[in-house]
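Okay, so here's the structure we're looking at.
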Amino acid sequence: MKVWDGFVRVAHWTLASSVILAWATHEGGGRWHEWIGYVALATAILRILWGFAGSRYARFAQFVYAPKTTLAYAGSVLKGLEPRYIGHNPLGGWMVVVLLLTVTASGFTGWLFTTDRFWGEEWLEELHGALSNALLPLVALHLAGVIFTSWKHRENLVRAMFTGKKRDPSATDVS
């Protein structure tokens, strides 16, 4: 079953690659770091816009659940009784939001640091660094969720993010 459209998949892998490269060039990367950061920022902004205008499973309205629903889902995960979701599950949906906002804030503060008004502002450099450092545990948590969900529901989510396809829903799946 087709779940994730081409834009979602390209944006996902572009964002993942640019965040890794930005992190790798943060010390002494100069212009490379800046331009890679701009790619990450632009990709995050476009993905946010696509979250309002994109295909069904790309839309935030489809995968961002109310806190009560998300907490109930988290409880079902702890009990080992969580249902399979065709798109993002409630925890995964919120992870998408947090990652996109953190990348956007990191990219924005990085850009601000290059402007005349904020050049050399220590507080801004520290904020940019803190946001960028926050991405490390968030990415680790995201990967842990992907691995756990892939194992639990016997579905390769990494492959699905390349192909856009997941297996057809069963009667107990949430679509």
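Just a few scattered comments:
- With a Cα cut-off of under 23 Å and a minimum spacing of 8 residues unless on different chains, the lysine pairs in the chain number 8.
- Cα centre as origin, Lys/Arg/Asp/Glu Cβ charges: the chain dipole, Debye: 1120 debye
- Highest-fluctuation residue, Leu46, Leu81, Leu112 considered, GNM on the chain with Cα pairs under 10 Å: Leu81
Every read-out reported here was derived from the displayed coordinates using simple, explicitly stated rules and does not represent laboratory data. Since the structure is predicted, the reported quantities are computational estimates derived from the model, not experimental observations. Using ideal geometry, Cβ is built from the backbone for each residue, glycine included, and neighbour counts are taken over all protein chains shown.
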